[in-house]
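Here's the structure we're looking at; comments come further down.
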Amino acid sequence: MNLRNAVALITGGSSGIGRAIAQSLAASGARVAITGRDDRRLADTASSLGVHAIHADVTKEADVERTYREVLQKFGDLDILVNNAGFGVFKNLVDFDLASFEAVFATNVTGAMLMARGAARHFIARQRGNIVNISSTAGLTGAANGTAYYASKFALRGMTECWRAELRKHNVRVMLVNPSEVLTNFSVVAGFEQKENPTKLRAEDIAHMVKAILEMDDRGFTPELSIFATNPKN
């Protein structure tokens, strides 16, 4: 697709991978809206990148519906949804509390579904569109302490396949992107240390690949893409 003047909506767009995607798409001429829960960070990002900020929580159905109303009122259309909002909690199974488990699934799974549902309704009506789900290589294989986060990414991968099966006949491309470790604030929020190293992936690397798969001609699409650092070191 041609990104110039395309309308893109990116959840969790005020920092990390979401911010990098917003910056990349805006630089390519797209009209971009970002969502997030931190008003100050949203405003700072919107001002810096020249994008439209929407304060919204993807776990709240009313916020999701308001987001789509605002995007369509502001831009008149929607071409791209990037489901990026997500976070992780990492604990041993025996120590996992229900509240943390449910919170991860509320954002990473339910939130993604609510956002995709809203986009799909619009895309079916116009008979074209793009959904990009930002998952993780955590959705490819399990690991210790990953009960909630890894399972949520397995679920997102499964939902992606379901949505693709439903929406291809409407010319809607549904794509999954699986980053491996990326240097962002994800680790700080998740409560573990992440060592910086120039060999590790940056958010702009993921944004580069999201832009690339979107720019492919609409007659084809990339169902799933995993991104690894060539030789990461701690």
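Selection of the stretch 1-57 for residues being outside any strand (DSSP E or B), under 24 Å from Phe221 (Cβ atoms) and β-branched (Val, Ile, Thr) yields Thr11, Ile17, Ile21. Summed over the stretch 59-106, residues that are of a type in the set (Ser, Thr, Tyr) and loosely packed, with under 14 Cβ neighbours inside 10 Å total 0. Exactly one residue among Thr199, Thr184 is more than 13 Å from Gly18 (Cβ to Cβ) and either surrounded by 14 or more Cβ atoms within 10 Å (Cβ to Cβ) or in contact (Cβ under 8 Å) with a residue 24 or more places away in the chain (or both), and that residue is Thr199.
The set of residues in the stretch 182-222 that are at pLDDT 95 or above and of a type in the set (A, V, I, L, M, F, W, C) comprises Val182, Leu201, Ala203, Ile206, Ala207, Met209, Val210, Ala212, Ile213, Leu214, Met216, Phe221.
Sort out which residues of the stretch 51-88 are β-branched (Val, Ile, Thr) and touching a residue at least 24 places away in the same chain (Cβ under 8 Å), and write them in order of number. Scanning the stretch 51-88 gives Val51, Val58, Thr59, Val64, Thr67, Val71, Ile80, Val82.
From the list Met159, Met209, the lone residue that is free of Cβ contacts under 8 Å to residues at least 40 places away in the same chain, part of a helix (DSSP H, G or I) and surrounded by 15 or more Cβ atoms within 10 Å (Cβ to Cβ) is Met209. Being under 21 Å from Ala85 (Cα atoms), touching a helix residue (DSSP H, G or I) at 6+ places or on another chain (Cβ under 7 Å) and free of Cβ contacts under 8 Å to residues at least 40 places away in the same chain: is that true of Gly146 here? Judged against the criteria, Gly146 is not a match.
Of the residues screened, Gly111 is not one that is small (Gly, Ala, Ser) and outside any helix (DSSP H, G or I).
Scoring Ile34 on the criteria (1) buried (at least 19 other Cβ atoms within 10 Å of the Cβ); (2) of a type in the set (A, V, I, L, M); (3) out of contact with any strand residue (DSSP E or B) (no Cβ under 9 Å at 6 or more places or on another chain) leaves a single failure, condition (3).
The values are calculated or read from the model by the stated rules, or taken from the named source; none is laboratory data. In this text, all values refer to a predicted model and were calculated from it rather than measured experimentally. Backbone-built Cβ (ideal geometry, glycine too); neighbour counts: all protein chains shown.
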